[in-house]
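Asks: For reference, the structure I am asking about is given below.
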Amino acid sequence: MELKIYKDKNEVAKEFSSYLAHFIIGKELVHVALSGGSTPKIVFDTLASDYADKIDWSKIHFYWGDERCVLPTDEQSNYKMTIDHLFSKIDIPEDNIHRILGENNPTGEAMRYANLLEINLDRVDEVPQFDFVILGMGDDGHTASIFPHEIDLWNAADHCVVATHPDSGQERVSINGKVINKAKEVVFLVTGESKAEKVEEIINKTGNYKTYPASLVNPESDKLVWFLDQSAATGITAD
């Protein structure tokens with residue numbers, strides 16, 4: 001595990017964008033799983049403004065780690081957020097964008113997307129392997145759309161699962177933990193004071209960390225990087 005701690009969320013976005021750009025250099029084809037949330041939104045803005053002409057977007061295929069079961073035009077859609085903040089501002093082939101169809105029946109869509117991943121990605125031990133997975137973490141320690149109350153979904157037999165938000169009851173389609181941990185590289189983007197307690201428990205393996213799905217992120221490649229701002233890292237930087 002590698003920790004990268006920066007002043008604020010804007011610096012996190014700047015440094016991560018540079019990190020991703022360097023990761024892509026020299027590779028013929030890259031399969032990336034995206035995250036939703038406020039921090040990725042700033043990252044997408046940074047990539048669009050600073051790297052639109054510096055990255056060969058045609059060799060990157062984009063997927064999503066999870067999606068809310070809403071229309072692609074809905075403000076809650078991770079796909080819509082990515083279109084608005086990144087894809088509409090760069091030159092990327094439409095065929096390189098592989099969205100989860102949030103408007104479809106969730107169970108059927110989870111099966112369809114799992115099949116898509118099996119077709120498009122190399123498989124290791126029968127599990128689709130992303131080159132790069134971007135994750136966020138909720139205040140409750142969830143990641144992708146695997147929530148603490150459904151932590152058993154982490155090791156589900158199916159590559160994609162239907163999860164339910166604990167408060168709203170909203171259904172979501174999410175990749176499972178096996179797919180996350182099979183990736184060649186996994187990066188967390190976590191900012192804000194509200195995340196500090198869970199970050200501290202997960203990094204230091206204290207408290208109730210075992211009940212947080214984010215604590216189960218442990219890629220077999222051993223390539224796990226946390227991009228944090230100082231607010232989120234308060235608990236692990238204090239003496």
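The values are calculated or read from the model by the stated rules, or taken from the named source; none is laboratory data. For clarity, every value in this text was computed on a predicted model and none was experimentally measured. Here the Cβ is made from the backbone with ideal geometry for all residues, glycine too, and neighbour counts use every protein chain on show. The area values use the complete protein model at the heavy-atom level, side chains included, leaving out ligands, DNA and RNA. Shrake-Rupley method; radii C 1.70, N 1.55, O 1.52, S 1.80 Å.
Asks: When the residues of segment 87-113 are narrowed to those that are closer than 15 Å to residue 72 by Cβ and aliphatic (A, V, I, L, M), which ends up least open to solvent (accessible area, probe 1.4 Å)?
Replies: My answer is 100.
Asks: Filtering segment 1-50 down to residues that are among the hydroxyl-bearing types (Ser, Thr, Tyr) and either outside any loop (DSSP other than H, G, I, E, B) or open to solvent by 40 Å² or more (accessible area, probe 1.4 Å) (or both), which residue is farthest from residue 225 (Cα to Cα)?
Replies: Per the stated criteria, the residue is 49.
Asks: Right, another one. Are any residues in segment 14-28 touching a residue at least 40 places away in the same chain (Cβ under 8 Å) and either of a type outside the set (Lys, Arg) or closer than 27 Å to residue 72 by Cα (or both), and if so, which ones?
Replies: 15, 16, 19, 20, 23
Asks: Looking only at segment 92-106, how many residues end up being in contact with a strand residue (DSSP E or B) (Cβ under 7 Å, 6 or more places away or on another chain) and among the aliphatic types (A, V, I, L, M)?
Replies: Total meeting the criteria: 2.
Asks: Got a number for residues in segment 172-197 being surrounded by 15 or more Cβ atoms within 10 Å (Cβ to Cβ) and over 30 Å from residue 98 (Cβ atoms)?
Replies: Residues meeting the conditions: 2.
Asks: Let me ask something else about it. Determine which single condition residue 169 fails, assuming it passes every other condition in (1) part of a helix (DSSP H, G or I); (2) open to solvent by less than 60 Å² (accessible area, probe 1.4 Å); (3) free of Cβ contacts under 8 Å to residues at least 24 places away in the same chain.
Replies: (1)
Asks: Which of (1) closer than 26 Å to residue 183 by Cα; (2) among the small types (Gly, Ala, Ser); (3) in contact (Cβ under 8 Å) with a residue 40 or more places away in the chain; (4) out of contact with any strand residue (DSSP E or B) (no Cβ under 6 Å at 6 or more places or on another chain) is the odd one out, the single condition residue 233 does not satisfy?
Replies: (4)
Asks: Filter segment 125-145 for residues that are open to solvent by 50 Å² or more (accessible area, probe 1.4 Å) and more than 28 Å from residue 192 (Cβ to Cβ) and give the result.
Replies: 125, 126 - these are the residues of segment 125-145 that are open to solvent by 50 Å² or more (accessible area, probe 1.4 Å) and more than 28 Å from residue 192 (Cβ to Cβ).
Asks: In a loop (DSSP other than H, G, I, E, B) and over 30 Å from residue 164 (Cβ atoms) - does that describe any residue in segment 61-78?
Replies: No, segment 61-78 contains no residue that is in a loop (DSSP other than H, G, I, E, B) and over 30 Å from residue 164 (Cβ atoms).
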